[in-house]
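The structure under discussion appears below in the form of structure tokens.
Where a number appears in this text, it was derived from the coordinates with a stated rule and is not lab data. These numbers were taken from a predicted model, which means no experiment stands behind them. So basically every Cβ, Gly included, is an ideal-geometry build from the backbone, and we count neighbours across all protein chains shown.
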Amino acid sequence: MTQTPPPALHVEYFAVGPLRCNCTIVADRDAGEAIVVDGGDEPERVLTRLSKLGVRAVHLVHTHAHIDHIGALAELHEATGANGLLHHADMPLYEMLRIQASWIGIPVPKAAKIDDDLRDGDQVRAGAATLDVLHTPGHTLGSVSFGLALDRRTMLLTGDTLFAGSVGRWDLGGTSLEDIVRSIRTKLLVFPDETVVVPGHGPTTTIGTERRENPFLTTPS
């Protein structure tokens, strides 16, 4: 019997807001459904992209609760009705949006109810698109990364945990450099070298490149 191949998933990412957070859309265009990762700002731009792709967001997920990664949640939720998801350990940080806005001098965004928790080992689905949830504390207590299996490769959306040539800040409360390096080693470096990494800011990289060249990871633990 001839098997129907799985639908090709559409993945795109673009920088939003003054801090240029990478917002990612993972869409199954055949099913008309999508997941928005780190919708931190410019909600109209995100909504325009969803409309042009002919899909509706069913989940709004966040690698952590810093304002540049989650500030547009309320507006995106109101426009799409999609579920807003965040790891429970970052809920106190999400409740500090007003304080976070004052730190960087931007307007205070509306807050939204978080619909559900992101737990390590969970899967978030939209059509044939599946994000595997990896709890990677270190930048914040509730930081998560997402694994996405594509046709010929795997992609990791690492938020502010792992960057090209660097790691996220660990001095923002309740964590340490040891925490973030441990998360990267145990949850991210287990993926093959060719795995594409889309960080929360800046250019993409690969697991192999970071394993070989990232100064925070090349020294013995």
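What to note about this one:
- Those helices (runs of 4 or more DSSP H) of the stretch 1-88 in which at least 3 residues are crowded, with 23+ Cβ neighbours inside 10 Å, considering only elements entirely within it, cover 67-70.
- Residue pairs meeting the criteria (Cβ under 6 Å; at least 6 apart or on separate chains; first among the basic types (K, R), in the stretch 18-42; second part of a strand (DSSP E or B)): R29/H10
- Verdict on T140 being assigned to a loop (DSSP other than H, G, I, E, B), in contact with a helix residue (DSSP H, G or I) (Cβ under 8 Å, 6 or more places away or on another chain) and in contact (Cβ under 8 Å) with a residue 24 or more places away in the chain: yes
- Sole exception among (1) out of contact with any Pro (no Cβ under 8 Å at 6 or more places or on another chain); (2) at positive phi for G127, by number: (1)
- Of all the residues in the stretch 19-57, those that are within 23 Å of S143 (Cβ to Cβ) and not charged (D, E, K, R) number 16.
- Test: G138 is buried (at least 17 other Cβ atoms within 10 Å of the Cβ), under 19 Å from L73 (Cβ atoms) and among the small types (G, A, S): no
- R49 within 23 Å of H201 (Cβ to Cβ), touching a residue at least 60 places away in the same chain (Cβ under 8 Å) and basic (K, R): no
- Positions within the stretch 155-191 being of a type in the set (A, V, I, L, M, F, W, C) and over 15 Å from E210 (Cα atoms), in sequence order: W170, L172, L177
- In the stretch 98-135, the residue that is surrounded by the most Cβ atoms within 10 Å (Cβ to Cβ) out of those that are more than 18 Å from the chain's Cα centre (by Cα) and outside any loop (DSSP other than H, G, I, E, B) is Q100.
- Take the conditions (1) free of Cβ contacts under 8 Å to residues at least 24 places away in the same chain; (2) within 24 Å of M155 (Cα to Cα); G81 misses just one of them, which is (2).
- Residue list for the stretch 171-193, restricted to those being within 18 Å of R152 (Cα to Cα), over 19 Å from the mean Cα position of the chain (by Cα) and surrounded by 12 or more Cβ atoms within 10 Å (Cβ to Cβ): D193
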